[in-house]
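The values are calculated or read from the model by the stated rules, or taken from the named source; none is laboratory data. Since the model is a prediction, treat every value here as computed from it, not as a measurement. Note that each Cβ is placed from the backbone with ideal geometry, even for glycine, and that neighbours are counted across all protein chains shown.
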Amino acid sequence: MVISQSEYYISPEEYLEGEKVSEIKHEYIDGQVYAMAGASDAHVTVVGNLFVLLRNHLRGSACRVYMLDMKAQIEVINRYFYPDVMVTRDTRDKEFEYFKCYPSLIIEVLSESTEGYDRGKKFASYRHLESLQEYVLISPEQMSVECFRRNEQGQWVLYPYEEGGEVHLASVDFRCAIAEIYEDVILTDNSNKN
């Protein structure tokens, strides 16, 4: 969640060096840095569940799973974001210690303050990543997973999953019951509590 903006231009190199020592994470957009706020219990639990599920599924493969503190670089539009969960299989990403350039899967857990941005401008930014095959938005309040998958024509197609369903992430050949993603999450809709 973005909470404040700096008032002067910062180069990508200055940003990356500053993030190494900063106690607060910042996203970077065209020379401006934006401080990020903390996340809710539900948000962090969903992210943790996804990381564990994907890490276990991809163990021993060429894929690497990252959460929360690894940046995604979108060089062509001068952006750095901190996806909640990101998977890369591209060997070129091994040369970058503090960010990745070629993710195939990016997952964002929504919050009331960031939902519009995650669905709009952030998704538009992520679409500049030629390697990206799926962009997933997850509600921390109800069992709702929206997977946007790039088809062979380059169009983004929505695959929604709800309570009782099985989530499929084709980019990493992963399937799980949606309830596994929400394990230990107290949902605001009382009829869907785990």
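Tabulated values for the structure
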quantity	calculated
Hits in segment 74-107 - residues which are in contact (Cβ under 8 Å) with a residue 60 or more places away in the chain, in a strand (DSSP E or B) and of a type in the set (S, T, N, Q)	Ser104
Filter result (of a type in the set (Val, Ile, Thr) and free of Cβ contacts under 8 Å to residues at least 60 places away in the same chain) within segment 148-186	Val157, Val167, Ile178
Search result, residues across segment 162-194 that are at pLDDT 95 or above and part of a helix (DSSP H, G or I)	Ala170, Ser171, Val172, Ile178, Ala179, Glu180, Ile181
Contacts under 9 angstrom Cβ, first residue in segment 1-26 being surrounded by fewer than 11 Cβ atoms within 10 Å (Cβ to Cβ), partner at pLDDT 85 or above and not in a loop (DSSP other than H, G, I, E, B), 6 or more apart	Glu7/Gln32; Tyr8/Gln32; Tyr9/Gln32
Answer residue from segment 1-58, given it is modelled with pLDDT of 90 or more and hydroxyl-bearing (Ser, Thr, Tyr) and is farthest from Tyr80 (Cα to Cα) among those	Thr45
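Residue-by-condition table, conditions (1) touching a Cys at 6+ places or on another chain (Cβ under 7 Å); (2) surrounded by fewer than 17 Cβ atoms within 10 Å (Cβ to Cβ); (3) within 21 Å of Asp69 (Cα to Cα):
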position	(1), (2), (3)
Leu105	no, no, yes
Tyr126	no, no, yes
Leu132	no, no, yes
Ser144	no, no, no
Cys147	no, no, no
Val157	no, yes, no
Glu162	no, yes, no
